[in-house]
Structure formats: C-alpha cells, structure tokens
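Report on the structure given below.
The values are calculated or read from the model by the stated rules, or taken from the named source; none is laboratory data. Keep in mind it's a predicted model, so treat the numbers as computed, not measured. Because the Cβ atoms are built from the backbone with ideal geometry, glycine has one as well, and the counts that use them run over all protein chains shown. Quick note on the areas: whole protein, heavy atoms, side chains included, nothing else; ligands and nucleic acids left out. Shrake-Rupley method; radii C 1.70, N 1.55, O 1.52, S 1.80 Å.
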Amino acid sequence: MLEKLKREVYEANMLLPEYGLVTFTWGNVSGIDREKGLFAIKPSGVPYGDLRPDDMVIVDLDGNKVEGKLNPSSDTATHAVLYKRFTDIGGVVHTHSQFATSWAQAGRDIPCYGTTHADYFYGDIPCLRVLTGAEIDEGYEKNTGILITESFKDMCMAPDAMQACLCKNHGPFCWGKNANDAVHTAVVLEEVAKMAYHTEEINHHVQPAPQVLQDKHYMRKHGPDAYYGQR
C-alpha cells in the first residue's frame with residue numbers, strides 16, 4: 001500500500017541524520033496522500049541505520065495504524081492534527097536539532113536578523129506556550145498539534161508563510177508541500193537558529209532586520225511577482 005509514498009518518506013527520514021538534525025532516534029518525518037486520507041510516518045524508536053522503506057507505517061488522519069509491522073512514531077497524533085487543520089501541507093518533520101531546540105527551551109521566538117531568514121520565513125519564527133498539565137495528561141501529542149494550529153489561528157499566521165514553529169521546552173515542528181520539502185524547511189530552520197544565536201553573541205544589542213528588507217526578500221521569492229530562481 002502506498003509504496004511510492006513510503007519510499008519518499010523513508011528517503012526524507014534518511015536526510016535527517018545526513019544533515020545533522022537528529023541524534024539517535026530523535027526525530028521523524030511523515031508524508032500524506034491527500035486523496036486517500038492516509039499518511040506514512042517513521043516507526044517509533046528505530047535507529048535510522050536500520051530503517052527500510054517497508055518499515056514506514058501507514059496511518060489514517062485519526063492516527064490509527066492501517067498498515068505496518070511496527071508501531072508508528074510517538075508523535076503520530078501531532079502529525080495527524082497538523083494534516084487535518086493545515087489542509088495544504090503534504091509533509092511534516094519533527095526534530096530535536098541543537099540550535100532550534102535551544103531557542104525552544106529558552107522559550108524565545110527566533111527574530112529575523114537578516115535576509116537568510118527572510119527568504120524562507122515571513123517574520124519571527126514563533127515559540128509557542130508550554131502545554132498545561134491537563135493538556136499533557138489528557139493527550140500530549142494530540143494537544144501539541146492542537147496548540148500549534150490554534151496558535152497560528154490566533155496569531156493570524158498562515159502556515160504557508162511560516163512553515164515552522166517551536167514548541168516551548170520541546171523542539172521544532174516544520175512542514176512543507178511534501179516530506180522532502182518539509183525536511184528542507186527543517187534544515188533551513190536549524191541554520192537560521194544557529195545564525196541568530198551567533199548574531200546575538202556578537203552583538204548583544206542587535207535589532208531585527210528592517211521590515212522593508214524582510215518584505216523584499218520574502219516577496220521576491222514567494223510573492224505574487226516573485227522573480228527569484230527559474231520559471
């Protein structure tokens with residue numbers, strides 16, 4: 001079932017250690033088939049070196065396993081909520097990458113200090129509140145997804161303009177048009193988080209990049225009159 005999707009999701013998962021985004025098994029990637037309403041996700045706790053395409057687990061949008069000999073990622077319920085509520089996304093990534101997770105543990109948004117950030121993310125990358133005790137006890141992973149989607153709604157933030165967020169005391173979640181694209185976002189997020197950290201080390205009084213510069217860089221790549229790259 002969904003052999004092509006399973007291979008795509010497997011290959012996307014294998015990019016995480018290649019780009020230094022995971023230690024041991026600290027991460028997962030999924031990708032969805034919107035037509036069938038099913039997504040493939042990494043199995044829980046399996047070392048990346050042991051993974052094979054057939055190990056990817058197929059689940060439905062309620063997080064129920066449909067196919068697979070292994071248990072799906074413990075974060076499956078979060079992915080399911082994101083797919084349900086962010087209806088245009090096709091892939092989701094969660095990691096505990098060092099710099100992005102450091103910002104999450106500090107409970108800080110990642111400010112936009114330059115054009116590298118602005119090329120990919122429209123504004124500061126938000127760090128969301130920590131879940132309440134009740135939210136953790138009553139359905140931690142599902143409520144993580146609800147927190148992300150409700151926070152974006154409350155902030156009037158479009159998930160296509162901001163394809164990442166930080167969950168306080170936890171780590172980053174990213175998404176994209178497919179599994180590979182979501183990994184691309186996660187790689188850029190980690191680099192931007194690293195640059196922001198070093199920027200503040202160099203200049204403790206640094207200010208965000210001017211809004212006109214942020215707008216220019218984001219819009220020239222993603223706006224209606226975008227001209228970056230080849231058409």
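Here the Gaussian network model covers the chain, with springs between Cα atoms less than 10 Å apart; of Pro210, Pro53, Pro111, Pro210 fluctuates the most. Positive end of the charge dipole of the chain (Lys, Arg +1 and Asp, Glu -1 on Cβ, about the Cα centre): tell me which of Met219, Gly31, Trp175 has its Cα farthest that way. Going by the Cα projections, it comes out as Met219. Within the shell of other residues whose beta carbon sits under 12 angstrom from the beta carbon of Trp175, the net charge comes to -1, with Lys and Arg scored +1 and Asp and Glu -1.
Each part reduced to its alpha carbon centroid, region 169-197 and region 32-52 end up 19 Å apart. Mean separation of Cα pairs under 8 Å and 6 or more residues apart, divided by the residue count, gives region 27-160 a relative contact order of 22 percent. A Gaussian network model of the chain, with springs between Cα atoms under 10 Å, assigns the largest mean-square fluctuation among Ser74, Ser97, Ser30 to Ser74.
Measuring against 19 Å, Cα to Cα, the residue pairs Lys4/Lys84; Lys84/Lys153; Lys36/Lys142; Lys4/Lys177 contain Lys4/Lys84; Lys36/Lys142 as the ones spanning a longer distance.
In the chain, the calculated helix contribution to ellipticity at 222 nm averages -14000 deg cm²/dmol per residue, counting -39,500 (n - 2.57) for every DSSP H run with n ≥ 4. Here the accessible area of the chain is 50 percent carbon and sulfur, with a 1.4 angstrom probe and all protein chains present. Relative to the longest principal axis of the Cα atoms of the chain, the long axis of helix 211-222 makes an angle of roughly 40 degrees. Rolling a 1.4 Å probe across all protein chains gives His217 an accessible area of roughly 30 Å². Legend: calculated FRET efficiency, Thr199 to Arg34, from the Cβ-Cβ distance at R0 = 41 Å, rounded to 0.05, equals 0.60. Subtracting the Cα-Cα distance of Lys69 and Tyr19 from their residue separation scaled by 0.36 nm leaves 15.2 nm. Note that region 40-160 presents 44 Å² accessible area per residue, ligands and nucleic acids not counted, probe 1.4 Å. Between Ala196, Ala164, Ala182, where does the largest GNM mean-square fluctuation fall for the chain, given springs only between Cα atoms within less than 10 Å? It is Ala196. When DSSP beta bridges are restricted to pairs lying wholly in the chain, around 95% turn out antiparallel.
The Asp62 and Glu3 beta-carbon pair, evaluated with R₀ = 25 Å, returns a calculated FRET efficiency of approximately 0.65. Charge tally around His117: other residues with Cβ under 15 Å, Lys/Arg +1 each, Asp/Glu -1 each, net -2.
If R0 is taken as 22 Å, the Cβ-Cβ distance between Cys156 and Arg220 corresponds to a FRET efficiency of 0.45.
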